Amino acid sequence: MVTQANEMDNKAVQNPKLGFKCLHYVVSESCGTLDVKISKKTQETVIFMLKTIDGTAKANKKYSPIEEMITMQANQMEHVVSLKIVDDDEYNEDLDFLIEICSEEGKRLEGDDTQSRITIKDEDLPGTICFEKRKVTVRKMDKYAYIQLTRKDGAAGDISCYCKTEVCTKEVNNQAEEFTDFMPFNDPIHFKHQETYKLIKVELINDETMKNDADKGTPVDTEEK
């Protein structure tokens, strides 16, 4: 995807000899290359430097930089330069860099149309984290309740969430209580790049667990909350 987001407007101060046809391009990171067009407004031969400048998008990481001398002959009215856009697997915010028309010494030429901004739109989605199942059933003899988290609709980059157990506020039959039926869980969960599944392990308290803890001299709160 390549979009010319901002054509040259009438209020801009133009360079009398050279200028970009578009002052702002928006591209997807998977576009491969972007063709940037430069117009010559005079019938004479013009020599100039064309160079890219880092913004939030960094050279070699998000695009291939250029710094080269260009000669446009008297009968050549347009020059096209191809910029390579780098596609990676990491999630980023939209990133920008600049391309400028400069003198042979490398100084930007006067005029609003001697600089164009390129915005690279990221297509790698970090995804969303949710429970694999809304309800998990365990047996009294089980030592742990295993609860699976799933990362859906993308897996780019590192993301995190916080998971904790809570006692139901609405009274239900045989309601489980913290420190009586299970040990509280309150920890951050980290998904690395391309990881899509995590397993939470909540410790359950049963008669055998309470007996072992009592034998070890570990106090166990059995009072109903």
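Read the figures in this text as sums done on the coordinates, not as results from a lab. Here the structure is a predicted model, which is why all the values come from computation and not from measurement. Neighbour counts are summed over all protein chains in view; Cβ atoms, including those assigned to glycine, are modelled from backbone coordinates with ideal geometry.
Which distance in nm do the two modelled labels at Asp96 and Val81 give, with both placed 7 Å along the Cα-to-Cβ direction?
Calculated label separation equals 1.9 nm.
Regarding segment 63-109, what are the three Cα extents along the principal axes, ordered largest first, in Å?
Here the spans come out as 45, 22, 14 Å, largest first.
Taking the dipole about the Cα centre of segment 1-127, with the C-beta of Lys and Arg at +1 and of Asp and Glu at -1, give me whichever of Phe97, Val81, Thr119 is farthest to the positive side.
Towards the positive end, the residue furthest out is Val81.
Work out the length of the dipole vector of segment 53-95 about its Cα centre, built from +1 on the beta-carbon of each Lys and Arg and -1 on the beta-carbon of each Asp and Glu, and round it to the nearest 20 debye.
200
Could you tally the net charge around Lys164, taking each other residue with its Cβ under 15 Å from the Cβ of Lys164, Lys/Arg +1 and Asp/Glu -1?
Around Lys164, the surrounding residues sum to -2.
Stokes-Einstein at 37 °C, 0.692 mPa s, Kirkwood radius from Cα pairs: D for segment 128-214 in µm² s⁻¹?
224
Rounding to the nearest 20 debye, state how big the charge dipole of segment 1-153 is about its Cα centre with +1 on each Lys and Arg Cβ and -1 on each Asp and Glu Cβ. Numbers along the way, then the final one.
Working: 23 positive and 28 negative charges, 200 e Å.
My answer is approximately 960 debye.
Could you list Glu178, Glu29, Glu105 so that the one with the fewest beta carbons within 10 Å of its beta carbon is first and the one with the most is last?
With the sparsest Cβ surroundings first, the list reads Glu105, Glu178, Glu29.
Could you grab the relative contact order for segment 2-121? Cα pairs under 8 Å, six or more apart, rounded to a whole percent. Could you put the intermediate results ahead of the total?
On the way: 291 pairs, mean separation 42.7, N = 120.
For segment 2-121, the relative contact order is 36 percent.
Restricting to segment 2-121, compute how many DSSP beta bridges are antiparallel as a %, nearest 5.
On the way: 35 of 41 bridges.
Roughly 85 percent of the DSSP beta bridges within segment 2-121 come out antiparallel.
Put +1 on the Cβ of every Lys and Arg and -1 on every Asp and Glu Cβ in segment 128-214; which of Ser160, His193, Thr137 then has its Cα farthest towards the positive end of the dipole?
The one lying farthest along the dipole's positive direction is His193.
Compute the Rg/Rh shape ratio of segment 24-155: radius of gyration over Kirkwood radius, all on alpha-carbon atoms. Show your work: numbers first, answer last.
Details: Rg = 24.3 Å, Rh = 18.2 Å.
Rounded to two decimals, Rg/Rh equals 1.33.
Label points 7 Å out from Cα along the Cβ direction at Lys143 and Ser28: separation in nm?
Taking the two extended label points, one gets 4.9 nm.
Which of the lysines could a cross-linker span from Lys17 if the Cα-Cα distance has to be under 23 Å and same-chain partners fewer than 8 positions apart are dropped?
Here the lysines satisfying the reach criterion relative to Lys17 are Lys37, Lys40, Lys41, Lys51, Lys107.
At a Förster distance of 30 Å, what's the computed FRET efficiency of Lys192 paired with Lys58, Cβ-Cβ distance as r, to 0.05?
On the way: r = 23 Å, r/R0 = 0.75.
Taking R0 as 30 Å, the efficiency between Lys192 and Lys58 is 0.85.
Suppose every Lys and Arg Cβ carries +1 and every Asp and Glu Cβ carries -1, with no other charges. What dipole size does segment 128-214 come out with about its Cα centre, to the nearest 20 debye?
400
Taking the Cα centroid of segment 17-46 and of segment 104-168, what is the distance between the two, rounded to the nearest whole Å?
35
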